[in-house]
Amino acid sequence: MEPGVKPAGSLPRLVFLWENFGPMHADRCDAVAAEVRGEAEVVGLELYGQSDTYDWVPETGEGFRKVTLHPASRPTGLALLRSLAAFRRREGRAIWFMCHYSWMPVFAFACLLRLRGDRVYTMGCSKFDDMPRRPFREWVKSWFLKPYQGAIGSGFRTRDYFRFLGIPEKRITGVYNTVSLDRIRRMSEGQPAPEGIPFGERHFTIVARLVPKKNLFVALEAYALYAAADPAPRPLHLCGSGPLEAELRARAEALGIAERVIFHGFLQTDAIARLLTSTLALVLTSTEEQFGNVVIEAQAMGVPSILSDICGARDSLVRTGVNGFVVEPDNPEGFAFFMRLLATDRDLWERQCRGAADYAPRGDVPAFAAGVRELMK
């Protein structure tokens, strides 16, 4: 053991709670562990062994201790609360950073932690404009945030929403949505743009679940408009799984673009990173998108983004004409215009690539660790 580093058992404990750990959650815990090494022990607490939303391979990380409450089952309600309380009894006092504040068992557990004298913070990326908001529902939601002493958010819209729900502005930090740039670049096995794959051999990429809020029918319409205007249209690679796959394939056939649209299904992070090495631009057309972590992954590889103004990532990561373009989600003509612009103007694309690389550190995991450090003061 190095001089000045205390044994893990004698250190204060930081616990980070998520439903399930994907790659970015492990990234964040590893970054915090590096930031507080010798000062605190970092524990990653996942509620379930599999995600209810994503098919990613569970991650463990390197610098923190990961605990899975329910590896093979998904208890809810009182059963989940009991298992959380049992974990607290075993582990003792800690500083808690918890997602899912609107879940009743998590709310009850946060109240219990406050009664036991623990410090409790929430994490999230929701924005007021994610969906229609109803006053009574928002008032109820504000009570679910009462146990928390602060929050880690992403971008000004998330911070504003936390403030609207009652978290003091001075106790809201960032940045929540972060990904390890080093991990993405290492997994890519290639070079960030504009180096690596030649300009003329690159394609457009969409990474999204095949669900209504991702607005993928508009994405296909935009691509069809672009393809009709370009004598040598670049392919579109669509990565993701979901209930709309059959309808999307049928729509691609109807638009006459089926031969140019490649459906990959769900891809793990390493495969996404490799695909980004040959990507011209990321396209994200969502009508509801709290953030869009794939924008960070794209920027790690120097790839500009054409994205909906709904996406939270545009608040801090994307600037039109600098490293991408921001478009209204109901505007396929706008998406098609910028797709053609990037596909045909190499000098512009290379400038956008350099802009993407310049902005990428804003989404790197040290920014998350810095937010944790600020709340620990």
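Of the residues GLY77, GLY49, GLY63, which is in contact with a helix residue (DSSP H, G or I) (Cβ under 7 Å, 6 or more places away or on another chain) and closer than 22 Å to GLN268 by Cβ?
Working: GLY77 fails: closer than 22 Å to GLN268 by Cβ; GLY49 fails: in contact with a helix residue (DSSP H, G or I) (Cβ under 7 Å, 6 or more places away or on another chain).
Criteria check complete, one pass: GLY63.
Return the total of residues in region 334-377 being acidic (Asp, Glu) and in contact with a strand residue (DSSP E or B) (Cβ under 9 Å, 6 or more places away or on another chain).
Initially, region 334-377 is screened for residues acidic (Asp, Glu), giving 345, 347, 350, 358, 364, 374.
Checking which are in contact with a strand residue (DSSP E or B) (Cβ under 9 Å, 6 or more places away or on another chain) leaves us with 364, 374.
Residues flagged as acidic (Asp, Glu) and in contact with a strand residue (DSSP E or B) (Cβ under 9 Å, 6 or more places away or on another chain) within region 334-377 amount to 2.
So, GLU289, is that one part of a loop (DSSP other than H, G, I, E, B) and either in the same structural domain as TYR161 (by TED's automatic domain parsing) or in contact (Cβ under 8 Å) with a residue 40 or more places away in the chain (or both) or not?
Values: part of a loop (DSSP other than H, G, I, E, B): yes; either in the same structural domain as TYR161 (by TED's automatic domain parsing) or in contact (Cβ under 8 Å) with a residue 40 or more places away in the chain (or both): yes.
Spelling it out, GLU289 is indeed part of a loop (DSSP other than H, G, I, E, B) and either in the same structural domain as TYR161 (by TED's automatic domain parsing) or in contact (Cβ under 8 Å) with a residue 40 or more places away in the chain (or both).
Looking only at region 314-325, decide whether some residue is farther than 18 Å from VAL179 by Cβ and touching a residue at least 40 places away in the same chain (Cβ under 8 Å). It would help to see each step written out before you state the result.
First, pick out the residues of region 314-325 that are farther than 18 Å from VAL179 by Cβ: 319-322, 325.
Okay, now just the ones that are also touching a residue at least 40 places away in the same chain (Cβ under 8 Å), so 319.
Scanning region 314-325, I find at least one residue that is farther than 18 Å from VAL179 by Cβ and touching a residue at least 40 places away in the same chain (Cβ under 8 Å), so the answer is yes.
A quick yes/no check of all residues on (1) among the charged types (D, E, K, R); (2) in contact with a Ser or Thr (Cβ under 8 Å, 6 or more places away or on another chain); (3) assigned by TED's automatic domain parsing to the domain that holds PHE199:
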{"site": "VAL218", "(1), (2), (3)": "no, yes, yes"}
{"site": "TYR223", "(1), (2), (3)": "no, no, yes"}
{"site": "ASP230", "(1), (2), (3)": "yes, yes, yes"}
{"site": "LEU236", "(1), (2), (3)": "no, yes, yes"}
{"site": "LEU244", "(1), (2), (3)": "no, no, yes"}
{"site": "GLU247", "(1), (2), (3)": "yes, no, yes"}
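Against the definition (among the hydrophobic types (A, V, I, L, M, F, W, C), loosely packed, with under 14 Cβ neighbours inside 10 Å and within 25 Å of the chain's Cα centre (by Cα)), how does VAL57 come out, yes or no?
Numbers: among the hydrophobic types (A, V, I, L, M, F, W, C): yes; loosely packed, with under 14 Cβ neighbours inside 10 Å: yes; within 25 Å of the chain's Cα centre (by Cα): yes.
So VAL57 fits the description; yes.
Restricting attention to region 168-190, which residues are touching a Lys or Arg at 6+ places or on another chain (Cβ under 9 Å) and either assigned to a helix (DSSP H, G or I) or of a type in the set (A, V, I, L, M) (or both)?
If the condition is that a residue be touching a Lys or Arg at 6+ places or on another chain (Cβ under 9 Å) and either assigned to a helix (DSSP H, G or I) or of a type in the set (A, V, I, L, M) (or both), then GLU169, ILE172, VAL175, VAL179, MET187, SER188 are the ones that fit.
Please specify each residue of region 130-140 satisfying the condition of being closer than 24 Å to GLY371 by Cα and surrounded by fewer than 17 Cβ atoms within 10 Å (Cβ to Cβ). Write out each step before concluding.
Keep residues of region 130-140 that are closer than 24 Å to GLY371 by Cα, which gives 130.
Matches in region 130-140: none.
So, of the residues in region 344-376 that are over 16 Å from the mean Cα position of the chain (by Cα) and β-branched (Val, Ile, Thr), which turns out to be surrounded by the most Cβ atoms within 10 Å (Cβ to Cβ)?
Here the residue is VAL372.
This table checks each residue for (1) out of contact with any Asp or Glu (no Cβ under 9 Å at 6 or more places or on another chain); (2) of a type in the set (A, V, I, L, M, F, W, C); (3) in contact (Cβ under 8 Å) with a residue 24 or more places away in the chain.
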| position | (1), (2), (3) |
| --- | --- |
| ALA232 | yes, yes, no |
| ALA246 | yes, yes, no |
| ARG249 | yes, no, no |
| GLY256 | yes, no, yes |
| GLU259 | yes, no, no |
| PHE263 | no, yes, yes |
| LEU275 | yes, yes, yes |
| ALA300 | no, yes, yes |
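Is it the case that some residue within region 309-329 is in a strand (DSSP E or B), touching a helix residue (DSSP H, G or I) at 6+ places or on another chain (Cβ under 8 Å) and among the aromatic types (Phe, Trp, Tyr)? Break it down stepwise before answering.
Going residue by residue through region 309-329, those that are in a strand (DSSP E or B) are 320, 324-327.
With touching a helix residue (DSSP H, G or I) at 6+ places or on another chain (Cβ under 8 Å) added as a condition, the list becomes 324-327.
Now drop any that are not among the aromatic types (Phe, Trp, Tyr), which leaves 325.
Yes, region 309-329 contains a residue that is in a strand (DSSP E or B), touching a helix residue (DSSP H, G or I) at 6+ places or on another chain (Cβ under 8 Å) and among the aromatic types (Phe, Trp, Tyr).
Do we have any residue at all in region 191-202 that's aliphatic (A, V, I, L, M) and buried (at least 21 other Cβ atoms within 10 Å of the Cβ)?
At the first step, the residues of region 191-202 found to be aliphatic (A, V, I, L, M) are 193, 197.
Okay, now just the ones that are also buried (at least 21 other Cβ atoms within 10 Å of the Cβ), so 193.
Taking every residue of region 191-202 in turn, at least one turns out to be aliphatic (A, V, I, L, M) and buried (at least 21 other Cβ atoms within 10 Å of the Cβ).
Looking for whichever is part of a loop (DSSP other than H, G, I, E, B) and in contact (Cβ under 8 Å) with a residue 12 or more places away in the chain here; the options are LEU220, LEU267. Which one fits? Write out each step before concluding.
Details: LEU220 fails: part of a loop (DSSP other than H, G, I, E, B).
Residue meeting the stated conditions: LEU267.
The values are calculated or read from the model by the stated rules, or taken from the named source; none is laboratory data. Remember, predicted model here, so these are calculated numbers, not experimental data. Neighbour counts run over all protein chains shown; Cβ positions are idealised from the backbone, glycine included.
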